[in-house]
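Below: one structure, written as structure tokens.
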Amino acid sequence: MNAVVDFQQYSNGNFEQIRTRFDAEYGVMWSFMRPEPRPCFTKTTLQDLLQHHTYQENMKGRTISNGSFQKTNYLILASDLPGVFNLGGDLAAFGEAIRAQTRKELLTYARLCIDNVWTLYNMQAPITTISLVQGQAMGGGFEGALSTHVMIAEKSARMGLPEVLFNLFPGMGALSFLSRKIGMRAAEAMVRSGKVYTGEELYEMGVVDVLAEDGQGEKALYDWIRKNHRSLNSFQAIQRAKQRVNPLTVEELYEITEIWVDAALRLSERDLKIMERLVRAQNRKVTEPAIAEQAIA
């Protein structure tokens, strides 16, 4: 007989770079990202998310909270960092691996990313996955948001795929997810442009599913849940049917990461210098709020 493990005890003792919260009324399980040292997908953040989400999947929509089973109906991917959802891949680690030409290291990271987005996209438990984008979601951060069943964004949220700026492409699901939402032609144009879009623009394009007023993202999320909760079984069945009509396989995602790794290993020193400038920009996202907070104090 399996031991009963309280979710609160389980979560508090195992995660370094995410914070979790469970709201029992509608069965809402939150995953708040708080990566360090910069707001990107560090390996630790990815491992924490995968552990948490796989646990939810294996529990088949049940969570043990306060010593009893509770139903988990929704799994939310969000951020603890003001103004930033997630800035994407760990570019500093990429640069080191590319200069050392360590293909295995890049591929291991890429496959960890795919394991994360695939779990959110192909959730086997009766759980609806939702991303709540407040602030910036760039590169892999945008891909992570795209992998969920429902994408909610505030109007001024900023999302884009900047990889083309350093002569690469987003290899962790962007083309696969976007092409199934808006068609391959529009998806390729978005990837090739490197343009940054607002949440409002992406809603008009059909990428964002629910648009929220600025500062009202969590309210909009709960409004959507209250509106759709009575027909949740129908919504989940339709979602799975949509995935059968236009199927995506994990093999497709893995094979694209192989293309991404090979392309990354061909980057020039000039490309890597541009990547380093983006790392410095990511670092400023952490230091500037800290400086402002010190000034207020």
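The values are calculated or read from the model by the stated rules, or taken from the named source; none is laboratory data. Quick caveat: nothing in here was measured; it's all calculated off a predicted structure. Positions of Cβ are backbone-derived with ideal geometry, glycine not excepted, and every protein chain shown enters the neighbour counts.
Structural remarks
- Residue list for the range 216-237, restricted to those being touching a Ser or Thr at 6+ places or on another chain (Cβ under 7 Å) and closer than 12 Å to ILE76 by Cβ: none
- Those residues of the range 1-33 which are among the aromatic types (Phe, Trp, Tyr), modelled with pLDDT of 95 or more and crowded, with 19+ Cβ neighbours inside 10 Å, in sequence order: PHE15, TRP30
- Filtering the range 168-178 for residues that are more than 21 Å from GLU276 (Cβ to Cβ), free of Cβ contacts under 8 Å to residues at least 24 places away in the same chain and of a type in the set (S, T, N, Q) leaves an empty set.
- Every residue from the range 57-107 that is of a type in the set (S, T, N, Q) and either under 18 Å from LEU267 (Cβ atoms) or modelled with pLDDT under 95 (or both): THR63, SER65, ASN66, SER68, GLN70, GLN101, THR102
- Test result for THR129, in contact with a strand residue (DSSP E or B) (Cβ under 6 Å, 6 or more places away or on another chain), on the phi < 0 side of the Ramachandran plot, in contact (Cβ under 8 Å) with a residue 12 or more places away in the chain and hydroxyl-bearing (Ser, Thr, Tyr): yes
- Close pairs (8 angstrom Cβ cut-off, 6 or more residues apart or separate chains): over 13 Å from GLU16 (Cβ atoms) in the range 43-59, at pLDDT below 95 and part of a helix (DSSP H, G or I) anywhere: TYR55/TYR10
- Members of the range 62-115 found to be basic (Lys, Arg) and under 15 Å from the mean Cα position of the chain (by Cα), listed by number: ARG111
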